[in-house]
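The values are calculated or read from the model by the stated rules, or taken from the named source; none is laboratory data. These numbers were taken from a predicted model, which means no experiment stands behind them. Heads up, the Cβs are rebuilt from the backbone with ideal geometry, glycines too, and the neighbour counts pull from every protein chain shown.
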Amino acid sequence: MRFTMIGDTRRNTHYADKPNEDLFWFDEARGAALVLDGVTRDRKNGRYPDPSPARMAAERFAQAASAVLTAPDGGEPQARLLAAVEAGNGAVARGNEGLPSDFLPGTVGVLVLAEGDSLHYAYVGDSNGIVFSQGHALPFTEPQTRAVHDHRGEFSAHEIRAHICNNARHPCGYGVWTGQSGAMDFLRMGVIPLRPGDRVLLCTDGLDPFLSAAGEEALCAMDSETLLARAMAFQSDGWMDDRTAVIIDGIE
């Protein structure tokens with residue numbers, strides 16, 4: 001089976017000075033793709049940091065990870081994905097050297113390798129991976145901040161950032177690729193079968209409002225170009241976060 005890929009991204013509609021901290025990359029010939037969502041920083045004196053620390057972290061991760069994913073001697077897909085994540089997290093760590101450890105710049109996201117009749121994946125955080133197959137939407141990712149959101153009123157921002165993020169021992173722990181070793185405790189990897197005609201959506205959680213509003217039946221019925229266009233154009237009643245998607249189609 002061969003694969004075609006398309007992608008797009010849009011900046012948030014909340015702050016005029018906050019850049020798009022999402023990014024996407026794919027290599028159709030290698031069957032490799034990723035979407036990343038930089039973890040937003042605090043505003044200082046009413047302004048967002050420039051350059052964006054989260055954007056820089058995402059770019060460092062993507063550059064290092066994509067080089068591994070496309071290396072000609074990269075090895076088996078699962079080993080290549082793990083090496084890509086380790087390289088990406090290491091690149092973020094080097095960029096963060098000398099910074100205070102409280103709320104380091106970082107990114108979350110999902111990486112995939114489509115090979116033969118299988119999709120190999122790795123992710124940390126709340127980005128989405130969904131397979132549309134035979135009229136069903138089948139997620140292969142789970143949001144990792146659900147517990148901390150359910151208990152948000154119980155923790156200060158400092159506790160969430162310094163003691164819960166990348167802490168697998170905390171019941172509400174979640175992962176962010178900040179360069180810290182604890183991020184790797186939240187890495188989830190797997191492989192799922194694909195059939196010709198299956199469609200894979202990778203997207204940041206900025207598209208959650210669109211996915212909820214569209215519903216499974218409508219999402220499954222859209223072709224890739226329509227799905228991507230509607231996802232990028234969608235506007236909710238409130239403001240929209242950065243939103244990014246890559247769509248992969250399996251072709252006989």
If the Cβ limit is 9 Å and pairs must be 6+ apart or interchain, which residue in region 190-217 that is closer than 16 Å to Ile247 by Cβ pairs with which residue that is of a type in the set (Lys, Arg) and not in a helix (DSSP H, G or I)? Cys203/Arg243; Thr204/Arg243; Gly206/Arg10; Gly206/Arg243; Leu207/Arg243; Phe210/Arg243
Which of the following residues is over 22 Å from Val110 (Cα atoms), surrounded by fewer than 22 Cβ atoms within 10 Å (Cβ to Cβ) and modelled with pLDDT of 95 or more: Arg169, Arg199? Arg169
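From Ser101, Ser66, grab the single residue that is assigned to a loop (DSSP other than H, G, I, E, B) and of a type in the set (S, T, N, Q).
Details: Ser66 fails: assigned to a loop (DSSP other than H, G, I, E, B).
Checking each option against the conditions leaves just Ser101.
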Tell me, yes or no, whether region 180-192 has at least one residue that is farther than 26 Å from His149 by Cβ and of a type in the set (A, V, I, L, M). yes
Write out, first by first residue and then by second, each pair whose Cβ atoms fall under 9 Å of each other, whose residues are 6+ apart or on separate chains, and whose first residue, in region 124-153, is on the phi < 0 side of the Ramachandran plot while the second is among the hydroxyl-bearing types (Ser, Thr, Tyr) and surrounded by fewer than 12 Cβ atoms within 10 Å (Cβ to Cβ). none
Could you list, in sequence order, all residues of region 74-98 that are without any contact (Cβ under 8 Å) to a residue 60 or more places away in the chain and in a loop (DSSP other than H, G, I, E, B)? Gly74, Gly75, Glu76, Glu97, Gly98
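Kindly indicate the residue of region 96-121 that is under 19 Å from Cys165 (Cβ atoms) and surrounded by fewer than 20 Cβ atoms within 10 Å (Cβ to Cβ) and also nearest to the chain's Cα centre (by Cα) among those meeting that condition.
Only one residue fits best here, namely Phe103.
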Checking the structure you have, find out if any residue of region 226-235 is out of contact with any helix residue (DSSP H, G or I) (no Cβ under 6 Å at 6 or more places or on another chain), part of a loop (DSSP other than H, G, I, E, B), farther than 25 Å from Ala62 by Cβ and in contact (Cβ under 8 Å) with a residue 60 or more places away in the chain. yes
Identify, from the list Thr145, Thr204, the residue that is buried (at least 17 other Cβ atoms within 10 Å of the Cβ) and out of contact with any Phe, Trp or Tyr (no Cβ under 8 Å at 6 or more places or on another chain). Thr204
Exactly one condition in (1) in a helix (DSSP H, G or I); (2) among the hydrophobic types (A, V, I, L, M, F, W, C); (3) closer than 23 Å to Arg80 by Cβ; (4) touching a strand residue (DSSP E or B) at 6+ places or on another chain (Cβ under 7 Å) is false for Leu201; which is it? (1)
Would you tally the residues in region 4-50 being among the hydroxyl-bearing types (Ser, Thr, Tyr), part of a strand (DSSP E or B) and surrounded by fewer than 18 Cβ atoms within 10 Å (Cβ to Cβ)? 1
